[in-house]
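Here is the structure we will look at, set down as structure tokens.
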Amino acid sequence: MATTQLGLAPKTIKYLMFAFNLFFVITGIVLLSIGLVIHGVYHQYQHFLDNSFFSVPSLLVAVGSIIFIIAFFGCCGAVRESYCMIITFCTLLAAIFLLEIIGGTMGYVMRAQVAEVAKDKMHNTMLEYNNSTEIQFVWDKLQRNFDCCGMFNASDWIESLSGIPMSCCDDTVGAIGTSNCTLTPEPSPSLHKIGCVEAFTKFAEKHAAKIAGVGIGLGVIQLVGIFLSSYLAKSIRNCYQTM
């Protein structure tokens, strides 16, 4: 079987594709890592988030895994100068590009939804605080980790439970068996002043922004690979036609 004889420019593109595929694999590892980390972070506070928030990090994990398969087509296609494999690589790369743009856009859109979703979820779970050890654990963890109390302030607990959980206050050194987390007659000095809706919204928005930045940023980089593979495929096809 005759082999194609590529010109200088296509050969340069061919070697650039090797370098790009190495970088492409690295982006896959980055996507996979970020998706797993953010999914794990969201899972800790799943009671305060909608299921849609888990779809984007799951998408990043899926895309990061698929990238390893796509890189195989790119490397093998460049080595064998196979038009079909390079076209397959180009097509899959374009699909990945679209998925990354979709994931980035969804991450950006979710930033505007965090506050409303968190508010509804927190309101519903506050009412179950005394009836569920799981809800108690999640709320106590949230209020300690974010130094917050209630939805907007400590008075939310007064309305819901007629009392304030100890997790709303910092631990007091030397206090043995005493409860000092109070709102009246004077607020406890260690009482967390910020509401959990505000604190958690900032936290979730930060991670949603990361998803948006990574998805769109890496998506734009994929355009380079689409251009390189398209050019190489066109050159290989022209070589076959002139043989």
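Residue-wise HN-Hα couplings along region 21-37, as the Karplus relation 6.51 cos²θ - 1.76 cosθ + 1.60 with θ = phi - 60° gives them from phi, are 5, 4, 5, 4, 5, 4, 4, x, 5, 4, 4, 4, 5, 5, x, 5, 5 Hz; Gly and Pro carry x. Annotation: residue 85 carries an accessible surface of approximately 30 Å², with a 1.4 Å probe and no ligand, DNA or RNA atoms counted. Fully extending the segment from residue 58 to residue 108 would add 16.4 nm, taking 0.36 nm per residue of separation and subtracting the current Cα-Cα distance.
How large is the translational diffusion coefficient of region 33-74 in µm² per second when you combine the Kirkwood radius over alpha carbon pairs with Stokes-Einstein at 4 °C and 1.567 mPa s? Don't jump to the answer; show the numbers that get you there.
Working: Rh = 11.1 Å.
Taking Rh from Cα pairs, D becomes 117 µm²/s.
Restricted to Cα atoms, region 32-165 shows a radius of gyration and a Dmax of 21.7, 74 angstrom. The solvent-accessible area of residue 91, taken with every protein chain present and a 1.4 Å probe, is close to 80 Å².
The values are calculated or read from the model by the stated rules, or taken from the named source; none is laboratory data. This structure is a prediction, so every number in the text was calculated from the model and none was measured. Side chains are part of the model used for accessible areas, which takes the heavy atoms of the whole protein and leaves out ligands, DNA and RNA. Shrake-Rupley method; radii C 1.70, N 1.55, O 1.52, S 1.80 Å.
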